[in-house]
1. May I ask you to derive the relative contact order of segment 83-165, considering only C-alpha pairs under 8 Å and at least 6 residues apart, and to give it as an integer percent?
2. How long are the three semi-axes of the equivalent ellipsoid for the chain, computed from the Cα gyration tensor as the root of 5 times each eigenvalue, in whole Å, largest first?
3. Taking just the alpha-carbon atoms of segment 1-102, what radius of gyration and Dmax come out, in angstrom?
4. Quick one: dipole size for the chain, taken about the Cα centre, charges +1 on Lys/Arg Cβ and -1 on Asp/Glu Cβ, in debye to the nearest 20.
5. Once neighbouring chains are kept in place and the probe is 1.4 Å, which whole percent of the accessible area of the chain is contributed by carbon and sulfur?
6. Starting from the Cα of THR29, step 7 Å toward the Cβ, then list every residue of segment 40-73 with an amide N under 16 Å from that point.
7. Please work out the average accessible area per residue across the chain, using the 1.4 Å probe convention, and give it in Å².
Amino acid sequence: SRPLLDARVHLLTFSEQFDGAWTKTSGATVTANSTTAPNGTTTAYTLTAPTGGATRGVRRVGAGLIANTTFVWSVYAKRSTSDWIYLVFYDVGAGVGAWFNVNTGQIGTVQSGVTASIEVAANGYYRCSVTRPVGASVAFNEIDIMLANADNTTTSSTGNAVFIWVADLRLA
């Protein structure tokens, strides 16, 4: 009569609270409960670049990356005033990831060392995912969601914004 407990699959805590455990980079802002999420509740966030420039987004430091392990990192995203996001792993050196057009549902540039996928979700959202085999060491242990003006750039214009909901990091 006791329930069976499974091991934790989703590795992030506060995965729906982008204003808590997440660090805003380069002046980016997040606004909680600003629009309808894929599940129909008003719990999605708006990620905004109040000024133009590079690397406007949110970062999860201490994400839980482990050496010699493959991870899948995903987020639900929807266009507000910006079409593009860049999901990135920072394990060693420069980050690697992929660009996603959250207006058309297309995958943009996929950097070496990751694979990318995008799935249609409810209420105009897409679930954007990158998969990465982490190498023999983990120096930075971070994952990021960045606003982008276009494919293969980390620059965003003043007022660029996307809606985001539920970040997920798990073993592949």
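1. 34 percent
2. Whole-Å semi-axes of the equivalent ellipsoid: 23, 20, 15.
3. 15.6, 57
4. Its charge dipole is roughly 160 debye.
5. Roughly 51 percent, rounded to a whole number.
6. Label zone hits: 45-53, 56-58.
7. Values: 7670 Å² over 172 residues.
Value returned for the chain: 45 Å² of accessible area per residue.
The values are calculated or read from the model by the stated rules, or taken from the named source; none is laboratory data. Because the structure is a prediction, the values reported are computed rather than measured. Here Cβ is always computed from backbone atoms with ideal geometry, including for glycine, and neighbour counts include all displayed protein chains. Areas reflect the complete protein model, heavy atoms only, side chains present, ligands, DNA and RNA absent. Shrake-Rupley method; radii C 1.70, N 1.55, O 1.52, S 1.80 Å.
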